[in-house]
Amino acid sequence: MDVKIFTMGGTIDKIYFDAKSDYEVGPPQIVEVFREANVALAHAVEPVMSKDSLDLTKEDRLELRRRIEADPCRRIMVTHGTDTMIETAKVLMGIPEKTIVLTGSMQPARFKVTDAVFNIGCAIAAAQCLPPGVYIAMNGKIFDPATSRKNAKENRFEAVG
């Protein structure tokens, strides 16, 4: 397997429920994104959570860390909500010999106009090419979680400092 993908939920996996007139986190959308893009990369998808990132707890983040540490694959991608992605990335720092790239989207993957597909492509490439460490792939850039933030006003991630 080239890359293991762990899914945590977030906007990237949100779907619309007509009966509720609301969006909720649904099943991992990366499976459909890969199918539609005819991805030939050897990979496996492991759902961990189906939560909005604002609802994630310390225990949820530690569960993700435990699963990544226990998995034999050295190249890891995590789909995650953008609001607390940096917080989760910091919890994953220090896992030896693994390249871990987190990504998400500002619009659900099912939307016609979404950044999900681009962000996933960038993250999957980064997971294959970068040295061990923890990274965030958003908006066509790779970020160090220790020196980045989500700029909600501009609807993008950016480096700080």
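Laboratory data are not the source of any read-out in this text; all were calculated from the coordinates shown. On a predicted model such as this, the values are computed, not experimentally measured, just so you know. Note that each Cβ is placed from the backbone with ideal geometry, even for glycine, and that neighbours are counted across all protein chains shown.
Scanning the chain for GluC sites (Glu not before Pro) in DSSP loops with at most 12 other Cβ atoms within 10 Å, what's the longest stretch left with none? Could the numbers behind the result be given before it?
On the way: sites that count: E97, E154.
Value returned for the longest uninterrupted segment is 1-96.
Per the helix-only calculation at 222 nm, which mean residue ellipticity applies to the chain, given -39500 (n - 2.57) for every DSSP H run of n ≥ 4 and division by its residues, nearest 500 deg cm²/dmol? It would help to have the intermediate numbers written out before the result.
Details: 4 runs with 42 residues, N = 161.
So the helix-based figure for the chain works out to -8000 deg cm²/dmol.
Taking loop as defined by DSSP and a crowding limit of 14 other beta carbons within 10 Å, which trypsin sites (Lys or Arg not before Pro) in the stretch 83-148 fit? Present the calculation step by step, with values, prior to reporting the outcome.
Working: sites: K90, K98, R110, K112, K141; in loops: K98, R110, K112.
Sites meeting the loop and neighbour criteria: K112.
Which percentage, to the nearest 5, of the DSSP beta bridges contained in the stretch 3-142 is antiparallel? The partial results should precede the final answer.
Numbers: 6 of 25 bridges.
Antiparallel bridges make up about 25 percent of those DSSP assigns within the stretch 3-142.
When the dipole is taken about the Cα centre of the chain, and only Lys, Arg (+1) and Asp, Glu (-1) are charged at their Cβ, what size is it in debye, to the nearest 20? List each step's numbers first, then the result.
Details: 21 positive and 22 negative charges, 63 e Å.
Magnitude of the dipole: close to 300 debye.
Are there chymotrypsin sites (Phe, Trp or Tyr not before Pro) in the stretch 109-161 that DSSP marks as loop and that have at most 15 other Cβ atoms within 10 Å, and which are they? Spell out each step's value before the answer.
Working: sites: F111, F118, Y135, F143, F157; in loops: F111.
The qualifying sites are F111.
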